[in-house]
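To keep things clear, I will list the structure first and then write my remarks on it.
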Amino acid sequence: MVEQCQAESKRSRRNRRFEPEQLVLWKPRGGKRRGAGRPPKGARAGSSHKARPTLHARYPVHVTLRVVGTVGNLRRRCVYQAIREATLATAWREDFRIVHLSVQRTHIHLLVEASDKDALSKGMQGFQSSAAKQLNAAISKGRPGPRRRGAVFPDRYHAEIITSPRQARHALSYVNNFRKHEEDRVAPMSTWTVDWFSSGIMFSGWAEYGDAPFLWRGPATYEPLFVYQPRTWLLREGWTKAGTISCTRCPRRVGERRCLRARRSARPAVPSEPERGEQRSLPEAANAGRGGHSTKFAAQVGGRSGQVRGQRSQARTRGRGPRPVRAAR
């Protein structure tokens, strides 16, 4: 009986080995190819839906939240008060702390500290829920019709874990310095010392403070955001190893553009092509065929190699007359 069962199992495996396979008629969705995956809902793709990396308590996180377009400009006084109430609602948590916050026109930047990945997720859920309720109530005041309801943050928050002093210094400068946007470098925002729509007034690391024992004082009616003092070493003192932070510093892109403009204006002018019928020497014509420059200009730009090249071209053409023009047949 046992031998009969073993023979049947061998026969079934032998038959299964030679069974025909169904060919794939089309390639399935997904995979590592261009355009694979779920298409974006709007004009731009949202945050990735991959599993978030493990977070350690000693690393702060830079979080970005985008809002829907129907909410409008976030840099308004009523919206600022709504977000301030949301920070107050999350201030009671011990495993999640908002250290810095900046309100921009279409998004919000936060520098937060959390004990682990779950604490970060729950803290951000609480902040987004409270902020959505407060924002819907704030933007509905003074408008005819029913109170606005619905989503305010359409996508997942983008989180960047900060792991080095240089990265911490760049994050602090980016969040607290409002001059990163070109529209904020005009009056009256250009006259501000710090961004009043952020927690920059609570940041004690500005280079302009020097040895002053007190922080700057805001306007009489100004109410600062509810934020924590940093506990992580990177946001407390580690970022100072990468340099200072100035409240008047503009983004590097603007400086790079100015440097490029200065370099372009300092370049020597390229000689233009001669007019039709204007005669020029054969060395100039030979060099013009290479790059449009004369022998003298090529020697100035190319150094020794340009001089040797110009001398060779002159030696080849020395003693030669103009080429005879062939008559038309």
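Rule-based calculations on the coordinates, nothing more; no lab input. Just so we're clear, the structure is a prediction, and the values are computed from it rather than from any experiment. Backbone-built Cβ (ideal geometry, glycine too); neighbour counts: all protein chains shown.
Residues of segment 141-160 with the amide nitrogen closer than 16 Å to a label point 7 Å from the Cα of Lys133, along Cα-to-Cβ, please.
It comes to 148-153, nothing else.
If you count, for each residue, the other Cβ atoms within 10 Å and average over each peptide, how do 236-248, 129-141 line up from highest to lowest?
Working: 236-248: 15.6, 129-141: 17.7.
Averaged packing, sorted descending, gives the order 129-141, 236-248.
Calculate the spin-label point distance for Arg77 paired with Arg34, positioning each point 7 Å from the Cα along the beta-carbon direction, and give it in nanometres.
About 5.3 nm, to one decimal.
Residue separation times 0.36 nm, minus the C-alpha to C-alpha distance between Glu160 and Thr221: what's the value? Provide the component values of the computation, followed by the final result.
Details: separation 61, 0.36 × 61 = 21.96 nm, distance 3.41 nm.
Length gained, Glu160 through Thr221: 18.5 nm.
If you rank Met189, Met202 by fewest surrounding Cβ atoms within 10 Å, what's the result?
Numbers: Met189 16, Met202 19.
Lowest count first: Met189, Met202.
Only counting other Cβ atoms within 10 Å, I'd like Ser199, Ser48 sorted with the fewest neighbours first. Working shown, then result.
Values: Ser199 23, Ser48 10.
Neighbour counts put them in this order, fewest first: Ser48, Ser199.
In which sequence would Thr64, Thr191, Thr70, Thr90 go, from the one with the fewest C-beta neighbours within 10 Å to the one with the most?
On the way: Thr64 15, Thr191 7, Thr70 10, Thr90 22.
Listed from fewest to most nearby Cβ atoms, that is Thr191, Thr70, Thr64, Thr90.
Show me, for segment 163-169, the HN-Hα J-couplings you get by feeding each phi into the Karplus relation (A = 6.51, B = -1.76, C = 1.60, θ = phi - 60°), rounded to Hz, glycine and proline as x.
Once θ is set to phi - 60°, the couplings for segment 163-169 become 10, 9, x, 5, 5, 5, 5 Hz.
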